[in-house]
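To keep things clear, I will list the structure first and then write my remarks on it.
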There are 2 protein chains.
Amino acid sequence: MANSHLPLDSFMPYRLSFTAGLVSEHIAHAYETQFGIDVPQWRVLAWIAERDGITQQEICQRTRMDKVSVSRAAIALNRRGLVERRPHARDGRSHMLALTPSGISLYEQIVPRARELESRIFAQFSDEEREGFMAILRKIDAAATALHKAGTPGHPPDDRQWPEALDE
Amino acid sequence: MANSHLPLDSFMPYRLSFTAGLVSEHIAHAYETQFGIDVPQWRVLAWIAERDGITQQEICQRTRMDKVSVSRAAIALNRRGLVERRPHARDGRSHMLALTPSGISLYEQIVPRARELESRIFAQFSDEEREGFMAILRKIDAAATALHKAGTPGHPPDDRQWPEALDE
DNA sequence: CAAAACTGGTATCATTTGACACCAATTTTG
DNA sequence: CAAAATTGGTGTCAAATGATACCAGTTTTG
């Protein structure tokens with residue numbers, strides 16, 4: 001087993017997930033306690049702010065959230081009077097989402113706070129480092145997406161390799 | 001609102017979480033279909049492989065998993081005959097976890113596959129880039145952890161700023 | 001050394017999350 | 001242009017996750 005050792009701690013996907021979780025937790029807590037909004041809601045809100053009149057499934061595409069989560073977040077935001085859902089001109093099934101005045105106002109409160117949180121965590125890095133870091137993240141996205149489409153070669157659909165469940 | 005604009009897409013915590021999610025999904029799917037093991041189980045397994053005789057809450061500390069998840073994973077792994085739970089010599093409440101032969105064997109099957117997945121995703125980067133990337137992740141961990149302990153200054157426990165829930 | 005405070009681990013319950021089925025509107029096809 | 005297939009969005013149900021309560025064993029304290 002000596003040779004097959006893999007220190008989880010330096011296994012990239014693990015580290016990535018670990019750090020992301022840590023940061024997420026921190027941010028989520030801040031949004032929750034300070035603005036009463038959860039992360040999915042924040043994401044939806046932010047994308048609407050960015051592209052007025054965006055539809056729900058456009059948000060799905062950009063965020064990788066599934067449509068159910070987006071739907072729930074949109075409904076919640078609407079209930080709170082933060083977003084408005086206008087009928088879509090060309091497609092009767094769809095909604096065009098837009099911020100209401102109070103949605104805008106909340107967004108404007110959150111943004112500086114978000115920037116502050118971000119810069120607290122990333123304060124120690126130079127602009128070059130941040131840029132480089134971001135660039136790598138984007139490349140990883142591209143690679144992972146490409147792989148995903150390609151499937152996992154060498155492993156046909158149903159080649160389970162583990163002993164039949166001793167469970168139950 | 002012009003000025004308070006924040007492109008989510010270049011907001012670091014978002015990007016981090018986005019990429020980590022993407023990679024996680026990919027990895028999780030591979031473990032699941034090829035070895036019938038989920039991510040929490042894999043993490044527990046890997047830590048046991050690394051430190052034979054580790055206890056559950058040591059795993060909690062190292063992985064940030066909560067003790068319930070670790071417990072569940074440990075029980076599942078035990079049921080499958082992959083890990084053994086010996087009584088702890090000095091503490092009757094605790095278990096010392098160790099891999100059984102088939103646990104070792106499974107681990108040894110997973111490791112090369114994990115390395116392969118990792119290298120597929122990170123193939124395009126030089127060693128320096130990877131090192132740098134890892135280093136940044138670790139620094140972020142440190143910063144986030146420090147902040148977490150410090151709390152969020154400037155915001156006393158209960159200063160909600162959002163309008164009372166229009167929900168329901 | 002008994003009582004109180006604490007800790008490792010598990011069971012239980014509530015909440016979150018996502019998979020699936022479904023509806024209405026739209027697009028495609030023959 | 002009707003029938004079939006597709007798509008945006010939501011309701012519903014099932015699995016995953018986390019908070020809380022709890023139990024047994026351990027440490028602390030008076």
Test: residue in the stretch B:17-35 that is assigned to a strand (DSSP E or B) and within 11 Å of DNA strand D (Cβ to nearest atom): no
Selection from the stretch A:81-95 of residues that are surrounded by fewer than 19 Cβ atoms within 10 Å (Cβ to Cβ) and within 8 Å of DNA strand D (Cβ to nearest atom): A:ARG85, A:HIS88, A:ASP91, A:ARG93, A:SER94
Count of residues meeting criterion [within 12 Å of DNA strand D (Cβ to nearest atom) and facing another protein chain (nearest Cβ under 10 Å)] in the stretch B:66-80: 1
Count - residues of the stretch A:39-68 that are over 12 Å from the mean Cα position of the chain (by Cα), outside any helix (DSSP H, G or I) and either without any contact (Cβ under 8 Å) to a residue 24 or more places away in the chain or more than 27 Å from A:ARG90 (Cβ to Cβ) (or both): 1
Complete set of residues in the stretch B:69-104 that are assigned to a loop (DSSP other than H, G, I, E, B) and under 16 Å from B:GLN41 (Cβ atoms): B:ARG80, B:GLY81, B:LEU82, B:THR100
Residues located in the stretch A:1-58, provided they are over 24 Å from A:ILE104 (Cα atoms), among the hydrophobic types (A, V, I, L, M, F, W, C) and either surrounded by 19 or more Cβ atoms within 10 Å (Cβ to Cβ) or within 8 Å of chain B (Cβ to nearest Cβ) (or both): A:MET1, A:LEU6, A:LEU8, A:PHE11, A:MET12, A:LEU16, A:PHE18, A:ALA20, A:LEU22, A:VAL23
Condition broken by A:GLY103, with the remaining ones in (1) more than 16 Å from DNA strand C (Cβ to nearest atom); (2) within 10 Å of another protein chain (Cβ to nearest Cβ); (3) buried (at least 16 other Cβ atoms within 10 Å of the Cβ) satisfied: (2)
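Readers should treat all values here as calculations from the given coordinates under stated rules, not as data from a laboratory. Note that the structure is a prediction, hence the values are computed from the model and not measured. Every residue, glycine among them, receives a Cβ derived from its backbone with ideal geometry; neighbour counts consider all protein chains shown.
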